[in-house]
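K.L.:
Below: one structure in structure tokens.
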Amino acid sequence: MTKEHLKVGIDAMSFDIPKIYLPIKDLAVARNIEPAKLEKGLGLLRMAFPDVHQDVVVFAANALLKLIQQENLSPKDINRIYVATESGVDSSKPIGSYLLSILEDKFGDGSFEHCDTADMTFACIGGVDALHNSLDFVRVNPDKKAIVISTDLAKYDLYSTGEYTQGAGAIAMLLSVNPRIITIDNHIGVSAKGVFDFFKPKRTLTKKEVTGQDGNPDWFGVLEDEISLAKDQPVFDGQYSNTCYQDRTRGAYFDLKNILGEQETLYKNWTNIIVHLPYSFQGRRMFSEIYALDSELKNTLPNDPQKYAERIKEISKSDDYKTFAAEKFAPAEAASSDIGNMYSGSIFMGLLSTLYFHHAENNEIKGGKFGFLAYGSGAKSKAFEGLIEGEWKSQIAKTQLFEIMEQAKPIEMETYHALHKKELKTPVIAPKNEYVLERIEKENPVLVGARYYKWL
């Protein structure tokens, strides 16, 4: 078999998410929003939120260690660890380099010296970029294995319209030839355009705005007149972002259809559809246009933009489309409803949720084809396909996804506010058998800002 025809894909998966959550109903009541609007309208039930000792490095490290132990891997088995995130903790030092040092505490000094690592960022599609890049690496080096980790914190300002979509966590995936879960096809549809639907700019304030003093007063050793402000929360336009999502996924979908030379309706070949889910029902709400355009319904779409939009909305409310959406999208929505947005990890949690749903229902989907529509603000979409392999069920059973999600504990609004504003200093749930953020250096001027992690 030539390298061009090797079966390459996801061999194993693991994850790590917060152990606490805020019930969406409580947030809705506190924000004077009708709970049904969020629960039934958007499919939101819980918001996973990081505890005091958790950050994106912690989630990534825990997911990575779970994967290594689950698959009985040793450092020499792992040739690269690529990390996708839009929540990096440093503008230079990648999360991947943190992971190497963290894991060396368990496996020995220098144990990961020959493991390549890098971070990749493109909003919520960075994980798919890391996946495709690493699949190509394995395709060229079939005797090697790669791990891709998507780790993020989806945090929005309190009282903002994005607040109820918050979530956090990490997904880790082992990539190899002859994968046991899913083979990823190398045909990729792409649609990209430079826009400002959602972004995290480097914001600045003048020293006078901070200190109230004229001139260039001394302020913690900062010589510049401007002070950089780092925020986890983005600048975003929700409605515009939905439009960009719809435009880019439509473009990628039909680009893939053209690449494949498919003459019939492409999505009819897909057992399930896996998309980026900033909220649980985003996929089914955004796909209705593609559903119409790639079927006989296309002939019923008027040219007038307003009437066109009304017709698409009408189709989305039809019984046929509701049945279609329930079959194709619902399995991926289950985890999203109870976690929230995981940014770069969202599409992969959708995949894990779908597979675990079929495992729980004892459905046999070997040989089934999944369609993927990834999206990242800024903006880009990728469309591709995957074929379910014979050992998917035993591999997915190891993750215990739904069981672990059910162990999460609810928190009250007061606790949520204190965590969001970083006022709480003691963990809500004492960490046990997990990596934690131990401290951030503040005294040593040579290492100020360095983050240190340990196992508890």
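K.L.:
Could you pull out the residue among Phe199, Phe122, Phe107, Phe112 that is aromatic (Phe, Trp, Tyr), more than 26 Å from Thr399 (Cα to Cα) and touching a helix residue (DSSP H, G or I) at 6+ places or on another chain (Cβ under 7 Å)?
P.N.:
Phe122
K.L.:
I'm checking my understanding of the structure. Among residues of the stretch 304-341 that are among the hydroxyl-bearing types (Ser, Thr, Tyr) and surrounded by fewer than 24 Cβ atoms within 10 Å (Cβ to Cβ), which one is farthest from the chain's Cα centre (by Cα)?
P.N.:
Going through the qualifying residues, I end up with Tyr308.
K.L.:
Going by what's in this entry, would Val128 be described as within 12 Å of the chain's Cα centre (by Cα) and closer than 23 Å to Gly9 by Cα?
P.N.:
yes
K.L.:
Sticking with this one: On the given criteria, is Cys115 buried (at least 23 other Cβ atoms within 10 Å of the Cβ), touching a residue at least 12 places away in the same chain (Cβ under 8 Å) and either touching a Lys or Arg at 6+ places or on another chain (Cβ under 7 Å) or not polar (S, T, N, Q) (or both)?
P.N.:
No: the conditions fail for Cys115.
K.L.:
Taking the condition among the acidic types (Asp, Glu) and under 25 Å from Pro142 (Cβ atoms), does Asp11 pass?
P.N.:
So Asp11 fits the description; yes.
K.L.:
Hey, another quick one. Go through (1) surrounded by 17 or more Cβ atoms within 10 Å (Cβ to Cβ); (2) over 24 Å from Leu45 (Cα atoms) for Met405 and report which single condition fails.
P.N.:
If we test Met405 against (1) surrounded by 17 or more Cβ atoms within 10 Å (Cβ to Cβ); (2) over 24 Å from Leu45 (Cα atoms), just (2) comes out false.
K.L.:
Surrounded by fewer than 19 Cβ atoms within 10 Å (Cβ to Cβ) and either in a loop (DSSP other than H, G, I, E, B) or in the same structural domain as Gly371 (by TED's automatic domain parsing) (or both), is that true of Gly194?
P.N.:
yes
K.L.:
May I pose another question? Is it the case that the stretch 154-165 has a residue that's among the aromatic types (Phe, Trp, Tyr), assigned to a helix (DSSP H, G or I), over 30 Å from Gly386 (Cα atoms) and at pLDDT 95 or above?
P.N.:
Checked the stretch 154-165: at least one residue is among the aromatic types (Phe, Trp, Tyr), assigned to a helix (DSSP H, G or I), over 30 Å from Gly386 (Cα atoms) and at pLDDT 95 or above.
K.L.:
Would you say Leu100 is closer than 29 Å to Tyr375 by Cβ and either assigned to a loop (DSSP other than H, G, I, E, B) or modelled with pLDDT of 95 or more (or both)?
P.N.:
no
K.L.:
Just checking, does the stretch 358-365 include any residue being assigned by TED's automatic domain parsing to the domain that holds Asp26, touching a residue at least 40 places away in the same chain (Cβ under 8 Å) and under 24 Å from Val83 (Cα atoms)?
P.N.:
no
K.L.:
In this structure, does Ser344 turn out to be under 12 Å from the mean Cα position of the chain (by Cα) and closer than 21 Å to Val56 by Cα?
P.N.:
Criteria met by Ser344.
K.L.:
If you don't mind, there's one more thing I want to ask. Is at least one residue of the stretch 290-305 part of a helix (DSSP H, G or I) and closer than 25 Å to Ser346 by Cα?
P.N.:
Within the stretch 290-305, one or more residues are part of a helix (DSSP H, G or I) and closer than 25 Å to Ser346 by Cα.
A quick yes/no check of all residues on (1) more than 29 Å from Leu27 (Cβ to Cβ); (2) at pLDDT below 95; (3) in contact with a Cys (Cβ under 7 Å, 6 or more places away or on another chain):
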{"site": "Pro331", "(1), (2), (3)": "no, no, no"}
{"site": "Ile339", "(1), (2), (3)": "no, no, no"}
{"site": "Tyr343", "(1), (2), (3)": "no, no, yes"}
{"site": "Thr354", "(1), (2), (3)": "no, no, no"}
{"site": "His359", "(1), (2), (3)": "yes, no, no"}
{"site": "Gly376", "(1), (2), (3)": "no, no, yes"}
{"site": "Gly386", "(1), (2), (3)": "yes, no, no"}
{"site": "Gln395", "(1), (2), (3)": "yes, no, no"}
{"site": "Met405", "(1), (2), (3)": "no, no, no"}
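K.L.:
Go through (1) in contact with an Asp or Glu (Cβ under 8 Å, 6 or more places away or on another chain); (2) farther than 17 Å from Thr265 by Cβ; (3) not basic (Lys, Arg) for Phe370 and report which single condition fails.
P.N.:
(2)
The values are calculated or read from the model by the stated rules, or taken from the named source; none is laboratory data. Keep in mind the model is a prediction, meaning the values are calculated, not measured. No Cβ is skipped: glycine too gets one built from the backbone with ideal geometry, and neighbour counts run over all protein chains shown.
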